[in-house]
Amino acid sequence: MAGALREHPPRWWGNHPAELRWQLELYRLLVDPVFRGQGVPRGDGRPVLLLPGLGAGDYTLAVIGSWLGRIGYAAGTAGFVTNTDCSNRALERIERRVSALNERHGRRVALIGHSRGGHLARAMACRGPDQVSHVIALAANLQQMLGISAPTQGAVALARALQRRLGRAQRPGCLTEACTCDFTRDFNSPFPDNRVRLTSIYSKEDGVVRWEGCLVPYADCVEVTGSHVGLIFNRKVYRAVGRALAAPELSY
């Protein structure tokens, strides 16, 4: 049930060395016809906001952003440098950007979030379903915010300590599942699947996020092969993203 905190499964170390194959996934994408826009529906000019993963910045989504532009979408970013800020503050940044895009284009915005970016995209859809048309989560555990490998949990703990040291944590539980901020409320809220289309793209070979958490009944769940990091460069993902964005908006 959405909103309920779940017990954590036993500690999982993931498979971080295997994540180095993202370079091969990028090469395969660059030589694949899909990278030239072949075999995917043309876009209709819809604004698409790209949200990076933990520790990553907007630059990590430059390849998919330029590809979206070539196939007919207006892709943009929210100004993330490392995406390690307080989740609530990050969501407020996204909310401002979505509102600006909504006003500029006169239509609802699609969100594509990688890993932690998928958490933020889900929360934004719950907060403003009238402004969001599609959410595409790439390798994002939609059941648990911290359903991740032990080394990645260590990185989150480091970001949490830094936020506290800098006095930027809005709540005592900032960057934990127990935080009482509005982001946690929105992330755990029932997803408005009668108003917003949600696609969850995942890989069972993911070495960072527990792939089982990417499966939720209110999403169109699409399995691909590949690494966690490499999903932003994965040719199969690009085909799935093209199909998902081409699906018509849900009326409300």
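Values computed for the structure shown
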read-out	value
Single residue of Val40, Val34, Val98, Val48 found to be in contact with a Leu (Cβ under 7 Å, 6 or more places away or on another chain), closer than 23 Å to Val224 by Cα and either among the basic types (Lys, Arg) or modelled with pLDDT of 95 or more (or both)	Val48
Unmet criterion (only one of (1) out of contact with any helix residue (DSSP H, G or I) (no Cβ under 8 Å at 6 or more places or on another chain); (2) of a type in the set (A, V, I, L, M); (3) modelled with pLDDT under 95) for Ala4	(1)
Scan of segment 35-49 for residues that are in a helix (DSSP H, G or I) and of a type in the set (A, V, I, L, M, F, W, C), ordered by number	Phe35
Long-range neighbours under 8 Å by Cβ, at least six apart or interchain, first residue in contact (Cβ under 8 Å) with a residue 40 or more places away in the chain within segment 87-108, second surrounded by fewer than 16 Cβ atoms within 10 Å (Cβ to Cβ) and not charged (D, E, K, R)	Arg97/Gly79; His105/Gly45
Filtered residues of segment 183-226 (kept if in contact with a Lys or Arg (Cβ under 8 Å, 6 or more places away or on another chain) and either under 20 Å from Leu245 (Cα atoms) or crowded, with 16+ Cβ neighbours inside 10 Å (or both))	Asp186, Phe187, Phe191, Leu198, Trp211, Asp220, Glu223, Val224, Gly226
Residues satisfying the stated conditions in segment 50-78, i.e. open to solvent by 20 Å² or more (accessible area, probe 1.4 Å), of a type outside the set (Lys, Arg) and assigned to a helix (DSSP H, G or I)	Asp58, Tyr59, Thr60, Ala62, Val63, Ser66, Gly69
Condition met for Asp130 (among the acidic types (Asp, Glu), open to solvent by 40 Å² or more (accessible area, probe 1.4 Å) and over 21 Å from Ala246 (Cα atoms))	no
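Let's see how each residue does on (1) surrounded by fewer than 21 Cβ atoms within 10 Å (Cβ to Cβ); (2) in a loop (DSSP other than H, G, I, E, B):
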{"position": "Ala159", "(1), (2)": "yes, no"}
{"position": "Gly167", "(1), (2)": "yes, yes"}
{"position": "Leu231", "(1), (2)": "no, no"}
{"position": "Lys236", "(1), (2)": "yes, no"}
{"position": "Leu250", "(1), (2)": "yes, yes"}
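The values are calculated or read from the model by the stated rules, or taken from the named source; none is laboratory data. Keep in mind that this is a model prediction, so the values were computed, not measured. Note that each Cβ is placed from the backbone with ideal geometry, even for glycine, and that neighbours are counted across all protein chains shown. Ligands, DNA and RNA are excluded from the accessible area calculation, which covers all protein heavy atoms including side chains. Shrake-Rupley method; radii C 1.70, N 1.55, O 1.52, S 1.80 Å.
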